[in-house]
1. Among the numbered criteria (1) touching a residue at least 40 places away in the same chain (Cβ under 8 Å); (2) in the same structural domain as A158 (by TED's automatic domain parsing), which one does A79 miss?
2. Give D206, D175, D187, D179 a once-over and let me know the one that is at pLDDT 85 or above, at negative phi, assigned by TED's automatic domain parsing to the domain that holds I152 and among the acidic types (D, E).
3. Among the residues that make up the range 85-99, is at least one of them of a type in the set (F, W, Y), at pLDDT 90 or above, buried (at least 18 other Cβ atoms within 10 Å of the Cβ) and in a helix (DSSP H, G or I)?
Amino acid sequence: MTADPETKLRADARRNRDQIIAAAKEMFAAQGPDVPMEEIARRAGVGVGTLYRRFPDREALIRAVAQHNFALVLEEARAAAREEPSAWQALVRLLRQSRELRLSVQLALVSPLAWTILRNDAKTQEFRDAILDVLDGIVRTAQQDGTLRTDIGTGDVAVLVSLLLRRIPFAPDEDLLLDRALTLILDGLSARQGSPLPGAPTSAFDLMRAKHSRKEAPPGCA
């Protein structure tokens, strides 16, 4: 049987969109968000006209890339909370898989245009808040289980993640350094007796309140 023409058209449009987003993610990561749109189209294997039909300007493409990244992180966070046998293992899995956020965070840090887009996009903020909500549940459960230190809050964990997502200049092996840093962070988060922390725990609410009251600086992932 021959596929319905309208169904095939929709499938082609979806495939083109996915190819463009994948190419944009790769090129943004390598060259930054100012890479020419024509080069992105070429990398995606589509015509420039097709790219502009899907994304009428650079802002729309940056927004789509960020939303795609945050959606993947939210999906992974929910999967970790649902599938892992303990909250601590869910937290470890989530932190180890958090690098999908790195491109969006780095875009916001190095590009004023990207920072403005991500700050003002309601869907991106919705994804961020949903990720924080899932993380909050994991943190609270791990603390109740006795595996995560109790003198921290979800905001503290989110801030640590945001530090991992920043680019390390001149690193000989960035992935290895990040793996080492993550191992140190997990050791510091465990419920074993450690050094006392100054101040009070930072909650997810503290981060969201600060995010809405301070609009002048890039947000990291928190």
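1. Status for A79: all satisfied but (1).
2. D187
3. yes
The values are calculated or read from the model by the stated rules, or taken from the named source; none is laboratory data. The structure presented is a predicted model; accordingly, all values stated were derived computationally and were not measured. For neighbour counting, all protein chains shown are included, and Cβ atoms are generated from backbone atoms with ideal geometry for every residue, glycine included.
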